[in-house]
Amino acid sequence: MPATTSSTAPTTTRGVPVGPEVPFGETVCDLYSGDIIELGIVAGDDIVEASGLAASRVNDSTFWVINDSGNEPLLHAVGADGADLAAIAIEGALGFDWEDVAVGPGPEPEVSYVYIGDIGDNLRFRSTISLLRLPEPDLRESPPAVSAATTIRLSYPAGPEDAEAMWIDPITADIFVVTKRQQDGRSVVYRAPPAPVEPVEPIPLDRVAEFEFPDNGQVTGADVSTDGAVVALRGYNEVWMWRRTDLGYEETLAAEPCLAPAPDEIQGESLSFLPGELSYVTLSEGAAKPLNLVPVARP
């Protein structure tokens, strides 16, 4: 893919950071050496179809993991070494087709929230999709206190779509959903405004951008860095990145992404930036799979 250029120092657009300092002529992907570090093997016997991964902001060295459809509605806590820390039942939830998990802001300014994306729809028949939002559980409590999850329903502008990727903007709390791939080969990014405390009606999604990746690439996961500066999408075997240049992402995603290192995974569907960093961790579906770290090679 064509490389994009950058200035010699980070700037802001309407108060939005547009990425870390990168030498002129290079992309954010050039921050990575390509080294892959195996942090540990995921030990939980119940984690067999990991479809989402998100680094906790409340619990140190901890990741939230969810399973794909057909599994119990559990939010799994996994240590950076793969240790099984907890499996938290989401009261009243149905795991219809959970596909991604994110951590981000919400209605209470000082609270960090987990968002579970029940957004899969292989047959494209769902009139609405939904997110489950709950304050991040604190694993120092035994058992962790879990508030009832709030259901946020979303509707597409032109009928059902199949999606496996989402993120929550750390600055605006906007919701972003990315389709896996439409029948014509394109993936589409949709946005919804921050959900209220108690959503009642479905929130309309607006189309933000669309793109077609080489070799029929399909989007299976997504995340944005905790400062909002870099957005990443992943496929089964690829990771694409953009340096953010505008608040709404239209301009950002209109540019060509760069190709970041991707671990060799059987069915890679999960990616999460580390808190406060651009290093990222990935996880594949399957039992006893490794947490793979792609570190930044230089500041």
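The values are calculated or read from the model by the stated rules, or taken from the named source; none is laboratory data. If you're wondering where the values come from, they're calculated on a predicted model, not measured in any experiment. Cβ placement follows ideal geometry from the backbone for every residue including glycine, while neighbour counts extend to all protein chains displayed.
A few notes on this one:
- Meets criteria (free of Cβ contacts under 8 Å to residues at least 60 places away in the same chain, more than 15 Å from Val65 (Cα to Cα), exposed (fewer than 13 other Cβ atoms within 10 Å of the Cβ) and aromatic (Phe, Trp, Tyr)) for Phe96: no
- Test for Ile66: is it part of a strand (DSSP E or B), at pLDDT below 95 and at negative phi: no
- Residues in region 256-284 that are of a type in the set (D, E, K, R) and under 24 Å from Arg57 (Cα atoms) were compared, and the one that is nearest to the chain's Cα centre (by Cα) is Glu269.
- From the options Ala222, Ala192, Ala254, residue that is small (Gly, Ala, Ser), farther than 24 Å from Gly82 by Cα and at pLDDT 95 or above: Ala192
- Check on Ala158, free of Cβ contacts under 8 Å to residues at least 12 places away in the same chain, over 20 Å from Ala254 (Cα atoms) and not in a strand (DSSP E or B): yes
- Top-ranked residue of region 129-184 - restricted to ones that are in contact with a strand residue (DSSP E or B) (Cβ under 7 Å, 6 or more places away or on another chain) and among the polar types (S, T, N, Q), ranked as nearest to Ile119 (Cα to Cα): Ser130
- For Gly276: the one exception among (1) closer than 17 Å to Trp167 by Cβ; (2) touching a Gly at 6+ places or on another chain (Cβ under 9 Å): (2)
- Residue match in region 85-106 (condition: of a type in the set (Phe, Trp, Tyr), closer than 22 Å to Ala43 by Cα and out of contact with any helix residue (DSSP H, G or I) (no Cβ under 9 Å at 6 or more places or on another chain)): yes
- Residue match in region 209-218 (condition: aliphatic (A, V, I, L, M) and under 28 Å from Val111 (Cβ atoms)): no
- Given (1) closer than 18 Å to Met166 by Cβ; (2) assigned to a loop (DSSP other than H, G, I, E, B), number of the condition Asp60 does not satisfy: (1)
Yes or no, residue by residue, for (1) in contact with a Ser or Thr (Cβ under 6 Å, 6 or more places away or on another chain); (2) in contact (Cβ under 8 Å) with a residue 40 or more places away in the chain:
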position	(1), (2)
Asn71	no, no
Leu74	no, no
Ile88	no, yes
Ile116	no, yes
Arg124	no, no
Thr151	yes, yes
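- The number of residues in region 54-77 that are of a type in the set (Ser, Thr, Tyr), surrounded by 19 or more Cβ atoms within 10 Å (Cβ to Cβ) and over 26 Å from Pro109 (Cβ atoms) comes to 0.
- Considering region 208-263, the residues that are out of contact with any strand residue (DSSP E or B) (no Cβ under 9 Å at 6 or more places or on another chain) and in contact (Cβ under 8 Å) with a residue 24 or more places away in the chain include one that is nearest to Asp100 (Cα to Cα), namely Asn216.
- Residue count for region 113-134 under the criterion of being surrounded by fewer than 17 Cβ atoms within 10 Å (Cβ to Cβ) and within 19 Å of Leu85 (Cβ to Cβ): the result is 0.
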